[in-house]
Amino acid sequence: MQTLKNYINGELVEPIGKTYIDNYNPAIGKVYSLIPDSDERDVELATQAALKAFPVWSNTPKGERSAVLIKISELITKNLERLAIAESMDNGKPVALAKLVDIPRAASNFHFYATGILHYASQSYAMEDTAINYSLRNPVGVAGCISPWNLPLYLFTWKIAPALASGNCVVAKPSEITPMTAFLLSELCIEAGLPKGVLNIVHGYGHKVGAAISAHPQIPLISFTGGTNTGAEIARVAAPMFKKLSLELGGKNPNIIFADCDYENALKTTLNSSFANQGQICLCGSRIFVEKSIYEKFKKDFTDRVKKMKVGNPVDPESRLGAVVSKPHMDKVLSYVELAKQEGGTVLCGGYQVKPEGEFANGYYIAPTVIQGLAYNCRTNMEEIFGPVVTIMPFETEEEVMIFANITQYGLASILWTENLTRAHRMANNLHSGIVWINCWLLRDLRTPFGGVKNSGVGREGGFEAFDFFTEPKNVCIKLK
Ligand code: NDP
């Protein structure tokens, strides 16, 4: 059985405590590797390595930093097949999805920020003939990057790449539930010649490793993606130390479908926006609102197609849904189906664990589930389920659906289907979310600001926003006379 190692000061090392955590393959429900059960001593080693590397790395010309990050990007692409299989085995997602989305996107993250830093400029403000101000944008120091299990390498690299490109050194922690591709990345960083100590990856539990990163006095900024409660805990620890915080948190996104939409496109895309990655994408549309005049037709067409989505072996190219990430997560998702029934909902399809044949019978599979008949403000419609479960509800007017859409504590993404341009712009302006997709979903331009409002987060990732976060502006004022 493979035993993963931490990546500290350029080397793959055992955790100081020499203890390990079981790592499950959710597709078969079996332990298949061991992960370091690191603690604050490992975080301390990693932080000291990063601090030591910082003066040289931060002063390395951007072009040289860029070159080594591009090399990492190329190595990810070269290892696409291997990384996609590893991601699927760790997370349960279909291999085809990992090949199409997760791994190419991880390569793009490195490439995008490696080249982006070459174009990142700061401002200057001339005060006529009195003075000139210009701002320097310096890296902050050691950045703490903590990421979740749903898009493991994709989200891990989305933080690490801009942090490194802008000259910081990093102490990073992937989710202990899906550590494999972060481990493989550490091997690729060694192969690419990333100087030692620039990136350090410490595996282990959130309450030990994550908490030690958040509390470390020599880590002045934390970039976190994960659940809202964990984000609140990190903010509680980090705020009194005045750390810079970027928090990308949960979502409960509305998918609003008007009668004048491009029907087939809305229907097809809603299958994806509901169930891609088993519904475990923070951007999935988990509350579907359909205009009353097409509600019955859409509901029937949608559930007919959902029933045909194949659930099972993630390696099988026919599988649209693989396994959810863990047994506790499967139990949590299914408990929401029970809650929905208690709240008066009717399950139109799914709502149960799927047991595929053979070795997959013990995996954590859930049939894609559609529920109707719920109040827009019941718990099922207000709390994040983060699995292959959507609710579907009719609405009569734009005013009414705006209330439905904006009711939750979350505000990450909204999806809108209409051919009415005026309405689309009006609603986009009034929806409480950081991202609005009109007549599409998950169409991503890495230059755009990414993040949520309300309890979905603080700050933005993406484009130059990420460089703004990972650097500190310093204004220099020169008097001319
Ligand atoms: P968690 O909040 O449970 O965990 C996220 C990361 O934080 C993990 O690495 C976890 O470690 C770590 N962690 C846990 N406790 C602490 C702590 N006290 N201090 C520091 N770090 C800690 O989220 P999940 O992994 O369950 O991911 C799912 C959540 O992520 C969903 O709510 C989803 O909406 C959100 N998400 C948001 C996105 C966005 O861009 N807004 C994108 C993707 C997901 P460990 O796993 O070891 O517990």
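The values are calculated or read from the model by the stated rules, or taken from the named source; none is laboratory data. Keep in mind it's a predicted model, so treat the numbers as computed, not measured. Cβ coordinates were reconstructed from backbone atoms using ideal geometry, including for glycine residues, and neighbour counts include every protein chain displayed. These area figures cover heavy atoms from the full protein model, side chains too; ligands, DNA and RNA do not enter into them. Shrake-Rupley method; radii C 1.70, N 1.55, O 1.52, S 1.80 Å.
Points to keep in mind about this one:
- Some residue of the range 237-257 being of a type in the set (Lys, Arg), in a strand (DSSP E or B) and away from the ligand (no atom under 12 Å from the Cβ): yes
- From the options 212, 182, residue that is within 14 Å of the ligand (Cβ to nearest atom) and within 20 Å of residue 243 (Cα to Cα): 212
- Residues in the range 344-368 that are of a type in the set (A, V, I, L, M) and in contact (Cβ under 8 Å) with a residue 12 or more places away in the chain: 347, 348, 354, 366, 367.
- Where strands (runs of 3 or more DSSP E) fall entirely within the range 51-168, those with at least 3 residues that are open to solvent by less than 10 Å² (accessible area, probe 1.4 Å) are at 142-146.
- Residue count, the range 253-267 (criterion: touching a residue at least 12 places away in the same chain (Cβ under 8 Å) and either open to solvent by 10 Å² or more (accessible area, probe 1.4 Å) or of a type in the set (Val, Ile, Thr) (or both)): 8
- When the range 455-475 is filtered for residues that are more than 24 Å from residue 111 (Cα to Cα) and within 12 Å of the ligand (Cβ to nearest atom), the ones remaining, listed by number, are 455, 456, 457, 458.
- From the list 211, 182, the one residue that fits, being closer than 23 Å to residue 470 by Cα, hydrophobic (A, V, I, L, M, F, W, C), open to solvent by 10 Å² or more (accessible area, probe 1.4 Å) and not in a strand (DSSP E or B), is 211.
- Restricting attention to the range 307-328, the residues that are assigned to a helix (DSSP H, G or I) and open to solvent by less than 20 Å² (accessible area, probe 1.4 Å) add up to 0.
- Among the candidates 35, 28, the residue that is in the same structural domain as residue 145 (by TED's automatic domain parsing), part of a loop (DSSP other than H, G, I, E, B) and open to solvent by less than 50 Å² (accessible area, probe 1.4 Å) is uniquely 28.
- Residues satisfying the criterion are absent from the range 299-306 (criterion: among the aromatic types (Phe, Trp, Tyr), outside any loop (DSSP other than H, G, I, E, B) and open to solvent by 20 Å² or more (accessible area, probe 1.4 Å)).
- Selected residue [surrounded by 14 or more Cβ atoms within 10 Å (Cβ to Cβ) and either among the aliphatic types (A, V, I, L, M) or in contact with a Pro (Cβ under 7 Å, 6 or more places away or on another chain) (or both)] from 336, 295: 295
- Residue that is touching a residue at least 24 places away in the same chain (Cβ under 8 Å) and out of contact with any helix residue (DSSP H, G or I) (no Cβ under 8 Å at 6 or more places or on another chain), where the choices are 341, 308, 297, 332: 332
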